[in-house]
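The values are calculated or read from the model by the stated rules, or taken from the named source; none is laboratory data. Being a predicted model, the structure only gives us computed values, none of them experimental. Glycine gets a Cβ as well: all are built from the backbone with ideal geometry, and neighbour counts include every protein chain shown. SASA here: full protein model, heavy atoms, side chains in, ligands and nucleic acids out. Shrake-Rupley method; radii C 1.70, N 1.55, O 1.52, S 1.80 Å.
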Amino acid sequence: MKGVRKMILDDVSVTFPRGKSIGLLGRNGAGKSTLLQIIAGTLELDRGRVIRQGKISWPLGFQGSFQGNLSGEQNVRFVARIYGVDTDELVAYVAEFAELGQFYHAPVRTYSSGMKARLAFGVSMGINFDYYLVDEITAVGDTNFKRKSQQTFKEKLSDSDVIMVSHSTGTLRDYCQTGIVLENGQMTYYDDINEAIAVHESNMKRH
Amino acid sequence: MREMSTRFGAKPGGYLWAFLDPVSHIVFLSVIFMAIAHMPPLGTSFPLFFATGYIGFQFYQAMAGYLNSAVSGNKALLSYPSVAPIDTVAARYALQLVTTAIVAIVVLGYIVFTVRHPVSIHLPPILEAIAAASLIALGIGLANTVLFIMYPIYEKLYGIITRPLFLVSGVFFLPDSLPPIAKDVILFNPLAHIVMQFRTGFYPQYRAAGYDGFYVWCVAASLMFVGLVLFTSCRARLRDR
């Protein structure tokens with residue numbers, strides 16, 4: 001398959017401070033999700049390096065990263081093993097959190113997208129990361145589940161930070177204190193999320 | 001690690017197919033050849049002759065087929081940073097090796113106990129044949145995971161080219177009994193050597209004329225080398241897909 005090569009980061013050096021949550025802004029296709037994958041370590045840089053301190057999650061997306069032929073529970077077990085956390089504890093936590101009922105033991109490919117998102121969210125909340133990488137997912141499910149997940153997530157943020165990609169400036173203001181704007185291969189860090197949002201919005205107006 | 005294997009390896013349909021495939025081949029070949037010949041080229045049992053050939057061959061064939069899709073079949077799990085593409089290959093290798101070994105023990109064990117003459121089994125050549133077959137498959141599998149992604153047309157060509165492999169690996173005949181020219185051509189195929197060696201473990205009287213262990217291991221080592229080099233140099237692209 002042929003693809004288009006695009007420069008995402010060009011001669012950039014940024015330190016993400018601990019203790020502050022960061023919102024990642026940029027136009028469509030600027031490379032926000034790619035940047036999250038680079039931070040997570042699923043993508044390698046062509047040149048340069050990423051120095052990570054602390055436990056970083058995989059990029060949390062809507063679909064989750066599940067093997068379709070295995071049940072939700074088996075997938076959770078797998079994640080528990082590769083992240084070295086207590087298997088039974090995590091399985092029990094997700095069972096309660098995700099509210100999948102009987103579907104928890106059914107293959108993931110039979111899930112609705114809402115169920116997958118709930119499972120994905122549950123797994124990530126069950127493991128204590130120092131950094132959560134969030135790609136456009138904070139609110140999934142119906143109103144009740146939304147309220148519960150937002151509350152859990154906010155609790156997590158007392159010890160953990162989040163690096164979040166979102167097109168919703170409201171969500172970003174809600175969760176993040178600082179921001180990064182990705183534009184033309186340049187990554188600019190702003191101490192104040194509102195400033196980052198302002199820069200991003202003026203970028204959007206220019207085109 | 002066991003957990004990883006089952007996770008990466010999860011096969012739809014379960015293990016039943018792992019048995020059904022060799023058993024149906026062995027039965028099919030036995031029935032056909034029993035109709036056209038009185039005696040198998042070795043020993044007196046058609047099922048044993050075909051089982052030793054087909055299962056020896058399967059240590060390569062089933063392995064290569066399974067490894068080719070190790071990365072593409074586990075794409076979802078590769079989004080976890082702690083899962084490397086090579087893990088999926090290693091896990092599938094271990095799982096397939098154990099699967100084929102269990103199939104071999106059950107199927108060959110059953111045949112050995114039901115034939116009238118006692119069969120003396122000599123393990124070292126069997127194990128060496130298995131090691132060589134599975135390493136050749138591993139080398140090819142490593143190279144193919146990369147090449148299939150980069151050149152989709154190659155995947156089609158590979159399928160066409162390797163289809164007759166079964167016919168030229170000496171599964172249902174002995175390369176020794178071919179005319180000299182045909183024999184020389186067949187023995188370019190390292191799998192023919194592997195099947196011959198596998199059989200020597202079951203037929204003490206079989207001399208396997210023409211078997212060249214050095215050649216087999218040279219092929220296995222070069223394929224492993226090429227596979228590892230390709231896989232390592234392209235591992236960044238493997239996750240991408």
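Computed quantities for the displayed model
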item	result
Residue in the stretch B:163-182 that is of a type in the set (Ser, Thr, Tyr) and in contact with a Gly (Cβ under 9 Å, 6 or more places away or on another chain) present	yes
Helices (runs of 4 or more DSSP H) contained in the stretch B:154-241 and holding at least 2 residues away from chain A (no Cβ under 14 Å)	B:180-186, B:190-200, B:213-233
Unique residue being of a type outside the set (A, V, I, L, M, F, W, C) and either open to solvent by less than 10 Å² (accessible area, probe 1.4 Å) or at positive phi (or both) when the list is B:Ser82, B:Ser169	B:Ser169
The one condition in (1) modelled with pLDDT under 80; (2) under 17 Å from the mean Cα position of the chain (by Cα); (3) among the hydroxyl-bearing types (Ser, Thr, Tyr) that A:Ser33 fails to fulfil	(1)
Subset of the stretch A:21-51 (residues that are assigned to a helix (DSSP H, G or I) and open to solvent by less than 30 Å² (accessible area, probe 1.4 Å))	A:Lys32, A:Leu35, A:Leu36, A:Ile38, A:Ile39, A:Ala40
Candidates B:Val112, B:Val98, B:Val83, filtered to the one that is within 23 Å of B:Arg239 (Cβ to Cβ) and modelled with pLDDT under 90	B:Val83
Hits in the stretch A:156-173 (condition: touching a Ser or Thr at 6+ places or on another chain (Cβ under 8 Å) and either farther than 28 Å from A:Tyr189 by Cα or part of a helix (DSSP H, G or I) (or both))	A:Thr171, A:Leu172
